[in-house]
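The values are calculated or read from the model by the stated rules, or taken from the named source; none is laboratory data. No experiment lies behind these values; they were computed from the predicted model shown. As a convention, Cβ positions derive from the backbone with ideal geometry for all residues, glycine included, and neighbour counts pool all protein chains shown. With ligands, DNA and RNA removed, areas are computed over all heavy atoms of the protein, side chains included. Shrake-Rupley method; radii C 1.70, N 1.55, O 1.52, S 1.80 Å.
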Amino acid sequence: MPEAISLDFVGMIVSALLTIMVLSYLIGDNPLFRVATHIFVGVAAGYAGAVAWDSVIRPNIVSPIVTNGLGGLLDLDLLIPLILIVMLLFKLSPVTAKLGSLPMAVLVGVGAAVVVGGAITGTLIPQSRAAMLSFRMPEAPVDLGASPLEHILNVLILVLGTVSSLVYFQFSSLPSKISSEPAERILAILRTTGRVFIAVAFGARYAGALMAAIIALAERFQFLGGIVTDLLGSF
Amino acid sequence: MKIGTYIIWAAAAVVVGIVVLLGYFIEQPLILETRASLMHWAVILAAAAVFMGLLNLLLVHWSKISTQTKGWGYSALLIVFLLETLVLGLIFGPDHNLVLLLFTYLQLPVEISLMAILAVVLVVAGYRLILRRRDMLSMVFMGTALVVLLGTLPWVVSGEGAIIRTLGEMRAWITQVWAVAGARGILLGVALGATTTGLRVLLGADRPYGD
């Protein structure tokens, strides 16, 4: 046995035990796995609370009150969030829950705006721009072939894949004038093509996720092997 | 009474949301300042909501312990570790060595092990897919996955032979053109869906904050 068992050594043993407990799920759901996941949820939730306190509540609410006393409450940037937090607490009781709807409305309003703004500026515009840039050989975001013919073929595949995948997501019905038979047939072909492209995209993502998971599995076995070697070496 | 309160909450959500949204596209000092304040309040509220979530989690598991529901021992374990991490985090801060020890030796190994289990789960799911659904899309899905997996193997990446080179090129072509095309369509579809859902909230058509 090592002369002085360090905290790190105990930590490694605990880590190894937790790893074995989680990996035991491979033989089916069992109490060891449940113990490990409940510990995980407890630590993760406690850590999230500590981060929320240390990064947001303490510097923005507690510290200004401690520093400036109650006079600090004259600052609207402190007073309004404080009132909203108190109103949020009303949500805890079904009787007063209605009063807690105002802070929830503020949260949802800001959240919805951030989602819409983020979707437009973070996805719709950059992705459309990337699709347009791929038409121009020198500015294409990825290498789409050395020869012009190769480039054109790849751009056509890119455009067809993007458009057909989008068409696949079109679930609303078309106006009667447009839903004539030839138009419907073209849309049906596009939808089927879109499903193929989506299957390819998911297949590539599946392979990526599988590779990452295999690396994690190998790392865990390497870690367990290292612990066993250390333990055997210490005797 | 019901109509009155509903209008107040909806008006608050709409006004706040529109000001924040305008801040993305209009660089006017008043709008930008108001938007910054609203975002600041929302961040503080979200942090307070985290604590309400923790309180709710504690209450749910405490009721399991007090009623001795099946599996109450797990709930007790969860509460002990939650309070231990939270109290240490509140006293010393989340960057303190003691809290980092809990993170490194309890949370991290479970996270990586769950990720490791995913390898087996994904292989089993893929095998079942091939076994139960032998249609064109399943074949395209698994065929793509197989080519990408084989093309990423170290001996393919650093290999010299003609077959190995072709496999590597096929992998690159699939991931850089075919998969990008499908993923771009999915991303645009998701973004359009998110925009629609967000606009429904901003127009007051959806009111997830309650009436």
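B:S113 passes all but one of (1) closer than 18 Å to A:L210 by Cα; (2) open to solvent by 60 Å² or more (accessible area, probe 1.4 Å); which number fails?
Evaluating B:S113 over (1) closer than 18 Å to A:L210 by Cα; (2) open to solvent by 60 Å² or more (accessible area, probe 1.4 Å) leaves (2) as the failure.
Per-residue answers, yes or no, for (1) open to solvent by 40 Å² or more (accessible area, probe 1.4 Å); (2) in contact (Cβ under 8 Å) with a residue 40 or more places away in the chain; (3) in the same structural domain as A:Q222 (by TED's automatic domain parsing):
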site	(1), (2), (3)
A:I13	yes, yes, no
A:I20	yes, yes, no
A:G28	no, no, no
A:A36	no, no, no
A:G42	no, no, no
A:A48	yes, no, no
A:A52	no, no, no
A:P59	yes, no, no
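State yes or no: is B:F103 over 23 Å from A:L26 (Cα atoms), more than 7 Å from chain A (Cβ to nearest Cβ) and among the hydrophobic types (A, V, I, L, M, F, W, C)?
no
Kindly indicate which of B:W41, B:W62 is over 21 Å from the mean Cα position of the chain (by Cα), modelled with pLDDT under 95 and open to solvent by 40 Å² or more (accessible area, probe 1.4 Å).
Selected residue: B:W41, the only one of B:W41, B:W62 that is over 21 Å from the mean Cα position of the chain (by Cα), modelled with pLDDT under 95 and open to solvent by 40 Å² or more (accessible area, probe 1.4 Å).
If A:I215 passes every condition in (1) aliphatic (A, V, I, L, M); (2) surrounded by fewer than 16 Cβ atoms within 10 Å (Cβ to Cβ); (3) under 28 Å from the mean Cα position of the chain (by Cα); (4) at pLDDT below 85 but one, which one does it miss?
The failed condition is (4).
For region B:159-192, which residues satisfy the criterion of being basic (K, R) and at the interface with chain A (Cβ under 7 Å from one of its Cβ atoms)?
Residue satisfying the conditions is B:R184 alone.
Can you find, within region A:92-117, the residue that is nearest to B:I18 (Cα to Cα) among those that are touching a residue at least 12 places away in the same chain (Cβ under 8 Å) and among the hydrophobic types (A, V, I, L, M, F, W, C)?
Among residues in region A:92-117 that are touching a residue at least 12 places away in the same chain (Cβ under 8 Å) and among the hydrophobic types (A, V, I, L, M, F, W, C), the one nearest to B:I18 (Cα to Cα) is A:V106.
I need the full set of residues from region A:193-235 which are closer than 27 Å to B:V180 by Cα, more than 8 Å from chain B (Cβ to nearest Cβ) and free of Cβ contacts under 8 Å to residues at least 24 places away in the same chain, in order please.
A:I215
Taking the condition of being of a type in the set (D, E, K, R) and facing another protein chain (nearest Cβ under 9 Å), how many residues in region A:59-86 meet it?
Selection size over region A:59-86: 1.
Please specify each residue of region A:1-36 satisfying the condition of being more than 7 Å from chain B (Cβ to nearest Cβ) and of a type in the set (V, I, T).
Answer for region A:1-36, where residues must be more than 7 Å from chain B (Cβ to nearest Cβ) and of a type in the set (V, I, T): A:I5, A:V10, A:I13, A:I20, A:I27.
Any residue that is in a helix (DSSP H, G or I), within 21 Å of A:F40 (Cα to Cα) and open to solvent by 30 Å² or more (accessible area, probe 1.4 Å) - is there at least one of those in region B:121-141?
yes
Exactly one of these conditions fails for A:V95: (1) surrounded by 14 or more Cβ atoms within 10 Å (Cβ to Cβ); (2) more than 14 Å from B:P208 (Cβ to Cβ). Give me its number.
Of the numbered conditions (1) surrounded by 14 or more Cβ atoms within 10 Å (Cβ to Cβ); (2) more than 14 Å from B:P208 (Cβ to Cβ), the odd one out for A:V95 is (1).
Return the only residue of B:W62, B:W9 being among the aromatic types (F, W, Y) and at the interface with chain A (Cβ under 8 Å from one of its Cβ atoms).
Answer to the check: B:W9.
How many residues, within region B:12-57, are farther than 18 Å from A:G117 by Cα and in contact (Cβ under 8 Å) with a residue 24 or more places away in the chain?
So the answer is 2.
So which residues in region B:153-200 are over 16 Å from A:R195 (Cα atoms), touching a Gly at 6+ places or on another chain (Cβ under 7 Å) and surrounded by 21 or more Cβ atoms within 10 Å (Cβ to Cβ)?
If the condition is that a residue be over 16 Å from A:R195 (Cα atoms), touching a Gly at 6+ places or on another chain (Cβ under 7 Å) and surrounded by 21 or more Cβ atoms within 10 Å (Cβ to Cβ), then B:R171 is the only one that fits.
Take the residues in region B:72-100 that are of a type in the set (S, T, Y) and touching a residue at least 12 places away in the same chain (Cβ under 8 Å), then tell me which one is farthest from the other protein chains (Cβ to nearest Cβ).
It comes out as B:S75.
Restrict the check to region A:179-187 and report whether at least one residue is open to solvent by 40 Å² or more (accessible area, probe 1.4 Å), modelled with pLDDT of 95 or more and not assigned by TED's automatic domain parsing to the domain that holds A:M21.
No, because not a single residue in region A:179-187 is open to solvent by 40 Å² or more (accessible area, probe 1.4 Å), modelled with pLDDT of 95 or more and not assigned by TED's automatic domain parsing to the domain that holds A:M21.
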